[in-house]
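Structure first, commentary second.
The values are calculated or read from the model by the stated rules, or taken from the named source; none is laboratory data. Only a predicted model underlies this, so the values are computations on that prediction, with no experimental measurement involved. Every residue, glycine among them, receives a Cβ derived from its backbone with ideal geometry; neighbour counts consider all protein chains shown. These accessible areas exclude ligands, DNA and RNA; they are computed on the full protein's heavy atoms, side chains included. Shrake-Rupley method; radii C 1.70, N 1.55, O 1.52, S 1.80 Å.
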Amino acid sequence: MKPTPHDLDQLRRLIASARSITVLTGAGVSAESGIPTFRDAQTGYWARFRPEDLATPEAFRRDPDLVWRWYAERRRAVLGVTPNAGHRALARLEGRVERFSLVTQNVDGLHARAGSRTVIELHGSILRVRCFKSCVSYTAGTDKAATGAPEAEAVFAADTPPRCPHCGDFLRPDVVWFGESLPEDAIEAAVAATEQCDLFLSVGTSTVVYPAAMLPDAARDAGATVVEINPQETPFSARASLSIRGTAATVLPAVIE
Ligand code: OAD
């Protein structure tokens, strides 16, 4: 669906007059890079797979190889695509406002690759693996691992989950699974950024997964103008100050020149 010129003008004005902007992104912002969302009909991951088979600690304990391979496949996919015009526009915006915070539910690292310097990752990163106790952590793309540990390259090339050299438990993707808590520092930073901004943008998220889904309402309750950018209506749309029906890679570059 195409956004109206009037909506785009309004958002341009809001951005130009804002002193503090916080942006929340979801899977929709990476859709135009070729990464599937979770809940879009047919194409979304959760339209094709059951989250309880792939995205819970119990699923991993039940079938570590299956879960490891699914995340390895997704990691290869994100490393094989490039950030889109939406990611790049948000990276430009960072340098143009007095205070700017980018909060993402995405685990794909595409905001950082587009040039965003500070990204609050609520759901972790698919580019990292760690053991359950976090004795070790490896990031895809780095050559050497911590002292005494196997090389990160071998960890990421493994077809089955390697063991932590310290505690002996499996290495797992460093993402937040259903039933797990969000990293405390990330959610605290996200809430603080939400409560102090005067303009909040909710981009490409279905706003159904909590606690991230509470942020647009928290911003509104704190007095911010909240704008949603999404080709589809969401449960939050009716409460947005402005709901723009369009895609991230078309709307964001159009309003952040
Ligand atoms: P969803 O898949 O739930 O929602 C994606 C949203 O993006 C939908 O509202 C789409 O309409 C919208 N969308 C699709 N294409 C778009 C485009 N080109 N531009 C803008 N919007 C577009 O994804 P999230 O809201 O991110 O959790 O899902 C939240 C969490 O649920 C994810 O972080 C993930 C998942 O289970 C974890 O991995 C822990």
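At least 1 residues being more than 16 Å from the ligand (Cβ to nearest atom), outside the structural domain of PHE132 (by TED's automatic domain parsing) and over 30 Å from ASP63 (Cα atoms) is the threshold, and among the strands (runs of 3 or more DSSP E) wholly inside the stretch 143-257 those reaching it are 199-203, 225-229. Checking each residue in the stretch 69-81 for being open to solvent by 50 Å² or more (accessible area, probe 1.4 Å) and either within 13 Å of the ligand (Cβ to nearest atom) or part of a helix (DSSP H, G or I) (or both) picks out ARG69, GLU73, ARG76, LEU79.
Could you list, in sequence order, the residues of the stretch 225-234 that are open to solvent by 10 Å² or more (accessible area, probe 1.4 Å) and in contact with a strand residue (DSSP E or B) (Cβ under 8 Å, 6 or more places away or on another chain)? Residues satisfying the conditions are THR225, ASN230, GLU233, THR234. Based on this model, can you work out whether PRO162 counts as modelled with pLDDT of 90 or more and touching a Pro at 6+ places or on another chain (Cβ under 7 Å)? Yes. Residues of the stretch 235-252 that are open to solvent by 40 Å² or more (accessible area, probe 1.4 Å) and in contact with a Lys or Arg (Cβ under 7 Å, 6 or more places away or on another chain): ARG239 alone. In the stretch 48-63, of all residues being more than 9 Å from the ligand (Cβ to nearest atom) and over 18 Å from THR160 (Cβ atoms), the one that is surrounded by the fewest Cβ atoms within 10 Å (Cβ to Cβ) corresponds to ARG48.
Candidates THR25, THR56, THR43: the one that is β-branched (Val, Ile, Thr) and in the same structural domain as SER202 (by TED's automatic domain parsing) is THR25. Scanning the stretch 99-130 for residues that are open to solvent by 10 Å² or more (accessible area, probe 1.4 Å), touching a residue at least 12 places away in the same chain (Cβ under 8 Å) and in a helix (DSSP H, G or I) turns up ARG113, ALA114. For the stretch 48-63, which positions are assigned to a helix (DSSP H, G or I), out of contact with any Pro (no Cβ under 9 Å at 6 or more places or on another chain), touching a residue at least 40 places away in the same chain (Cβ under 8 Å) and under 24 Å from ALA154 (Cα atoms)? Selection gives PRO57 alone. Among all positions in the stretch 19-27, there is no residue which is within 14 Å of the ligand (Cβ to nearest atom), open to solvent by 30 Å² or more (accessible area, probe 1.4 Å) and among the charged types (D, E, K, R).
Open to solvent by less than 20 Å² (accessible area, probe 1.4 Å) and not in a loop (DSSP other than H, G, I, E, B), is that true of LEU66? Considered against the rule, which asks whether it is open to solvent by less than 20 Å² (accessible area, probe 1.4 Å) and not in a loop (DSSP other than H, G, I, E, B), LEU66 comes out as no. As for the stretch 28-40, it holds no residue that is part of a strand (DSSP E or B), touching a residue at least 12 places away in the same chain (Cβ under 8 Å) and open to solvent by less than 30 Å² (accessible area, probe 1.4 Å).
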